[in-house]
Amino acid sequence: MKFRTFSLLKRFSTIPKISPKICVVGSGPAGFYAAQYMANRLETAQIDIIERLPVPFGLVRFGVAPDHANLKNCINTFSKTAQLKNVRFMGNITLGRDVTLKQLKEAYHVVLLTYGVDDSRKLNIKGSDLRNIFQAKDFVGWYNGVPWNRDLTVDLSDTTATIFGHGNVAIDVARLLLSPIDKLKSTDITEHSLATFAQSRIKEVNLIGRRGPLQVSFTTKELRELLNLQNCCTVWRPEDMQDVPELVPKLVKPRKRLTELMVDQFQKRQTPKLDEKQLKMIFLRSAKEFGGSLKVESVKLQINRLEGDDLLEKKAVPTEREETIASSLVVASIGYKSVQADNDIPFNSQLGVVENKYGKVDNGLYTAGWVAKGASGVLLHTMEHAFGVASVILKDLELEGVKQTKPGFDFVRKLLDERNVQVVTWEDWLKIDEYEKNEGKKLNKPREKIVDIEQMLKIAAT
Ligand code: NAP
């Protein structure tokens, strides 16, 4: 989806007489970037960011890998936005449970849905209910402190793990499984998962994609970091890389650089030493069936071939051939999806996105970020998308004007009071933040995330 323009207006030219009340649902990157854009250009607007959890930042807190601390620097910008005089953060409010979309539309002139992704694409094959098979979203949530993933029973006591998907989330999971424990200790990884990683006996990680080296979704920097892991040897299979070197000259950047890296590493490959961990890069394989009695023990793979004229868009077509590999842990990392948070949201269940055109859903209703366009792109893309939708909102407000006053959060607060919902303000979050940082200090970590919602609420109420 492309916006006709990202800078429809730099500053609001006609100040509306009635101050617009805007509700942003979700405090991840899309929500904060959109709020920042609107707050700076329309100072008369009141922008309320509501969030289901008592803590802000969505996927920046719960998705970015713990050893990628620099990717979390945007939190500084988001914190400045939250403290602007026309912006408020209000956590612990769930759309569809504590307040409906209809009620939000009654309270606000504009509702912007930026609540991200809460579901995964699934493999749905025989044996999927065996123990130690996870969706990447849950596995990542477990080590990143998502409250409802805290009790995931992850067993790393055997030697072989398999990850399906060739995207950057799969790379994150592979890196965490293969990293020396000392590299993780000083990150904000949750202590309960760190204890499991510290006992890990995983020696071999199969990173399996259904298509070939030219169709992977991961990016050069992320792959290079994985390939450079200390005490880990990457194993490439010659049949996967057969025609790839000759195709490199036909490619353009960034695909060219990524493929050059793979070819270079393939050509320099060495036999793993006995004490080394192994990353096995496997292409043209799809999961067909998981085997095991209670816990997963093996994976039957369908061998694919590629079909189609466009080199980068070739499709995986199953052949008659299969193979079975041993694996005691499986992580399916084949993409995230969003959910319909409220029955009144026009939602495309197949794509897992809110129906929209350039971010507009309906009069006064908009959407931005992954819930609007699907789960792809790095933070910069989310920022551009959020800015784009925010500029559409401001333009619509300017063209249509604000005709009647609306009660804004006063209306919502009454509903929440009736339901006894404790609202977590920005000041309350700062108390949780300080607590987590202090707990982290004791362990030489930047923070120890609280993974219990009740505990978050207790600290917020002090
Ligand atoms: P992704 O980049 O879309 O990768 C999904 C992978 O799953 C692809 O290899 C895809 O293969 C495969 N797949 C999809 N459906 C499948 C199926 N039914 N069976 C087998 N394989 C299937 O998604 P992601 O890894 O979840 O990442 C989401 C976004 O976050 C990406 O834009 C990523 O770059 C970003 N991210 C960035 C970072 C970072 O910057 N460090 C870290 C994490 C995530 P096909 O291509 O064949 O469909």
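Points worth noting:
- Of all residues in region 255-284, those that are assigned by TED's automatic domain parsing to the domain that holds I202 have Cβ atoms under 6 Å from Cβ atoms of residues that are surrounded by 14 or more Cβ atoms within 10 Å (Cβ to Cβ) and basic (K, R), 6 or more apart or on another chain, in K277/K203.
- Residue list for region 172-193, filter: hydrophobic (A, V, I, L, M, F, W, C) and open to solvent by 40 Å² or more (accessible area, probe 1.4 Å): I181
- If you filter region 317-333 down to residues that are aliphatic (A, V, I, L, M) and buried (at least 20 other Cβ atoms within 10 Å of the Cβ), you find that the one that is nearest to the ligand (Cβ to nearest atom) is A332.
- Unmet requirement for D118, which otherwise passes all of (1) at pLDDT 95 or above; (2) within 15 Å of the ligand (Cβ to nearest atom); (3) within 20 Å of G377 (Cβ to Cβ): (1)
- Per-region count, region 66-97, residues closer than 21 Å to A45 by Cα and in a helix (DSSP H, G or I): 6
- Filtering region 283-299 to residues that are closer than 21 Å to Q215 by Cβ and of a type in the set (G, A, S) leaves S286, A287.
- Which listed residue, of Q215, Q199, Q230, is in contact (Cβ under 8 Å) with a residue 40 or more places away in the chain and either among the β-branched types (V, I, T) or within 16 Å of the ligand (Cβ to nearest atom) (or both): Q215
- Selection within region 194-227: residues that are assigned to a loop (DSSP other than H, G, I, E, B) and open to solvent by 10 Å² or more (accessible area, probe 1.4 Å). The member of this set that is nearest to A375 (Cα to Cα) is S217.
- Here Y358 fulfils each of the conditions (1) touching a Phe, Trp or Tyr at 6+ places or on another chain (Cβ under 9 Å); (2) touching a residue at least 12 places away in the same chain (Cβ under 8 Å); (3) open to solvent by less than 50 Å² (accessible area, probe 1.4 Å) apart from (3).
To keep it simple, each residue is scored yes or no on (1) assigned by TED's automatic domain parsing to the domain that holds A30; (2) open to solvent by 30 Å² or more (accessible area, probe 1.4 Å).
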position: G308; (1), (2): no, yes
position: L351; (1), (2): yes, yes
position: V354; (1), (2): yes, no
position: D362; (1), (2): yes, yes
position: L365; (1), (2): yes, no
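- Here the condition is being surrounded by 18 or more Cβ atoms within 10 Å (Cβ to Cβ) and not small (G, A, S); of V378, V412, it holds for V412 alone.
- Scope region 123-162; condition within 18 Å of G291 (Cα to Cα), near the ligand (Cβ under 10 Å from one of its atoms) and in contact (Cβ under 8 Å) with a residue 40 or more places away in the chain; matching residues: L123, I125
- Which listed residue is surrounded by fewer than 18 Cβ atoms within 10 Å (Cβ to Cβ) and within 16 Å of the ligand (Cβ to nearest atom), from R237, R269, R257: R257
The values are calculated or read from the model by the stated rules, or taken from the named source; none is laboratory data. The structure presented is a predicted model; accordingly, all values stated were derived computationally and were not measured. Cβ coordinates were reconstructed from backbone atoms using ideal geometry, including for glycine residues, and neighbour counts include every protein chain displayed. Calculation scope for accessible area: heavy atoms of the full protein, side chains included, ligands and nucleic acids excluded. Shrake-Rupley method; radii C 1.70, N 1.55, O 1.52, S 1.80 Å.
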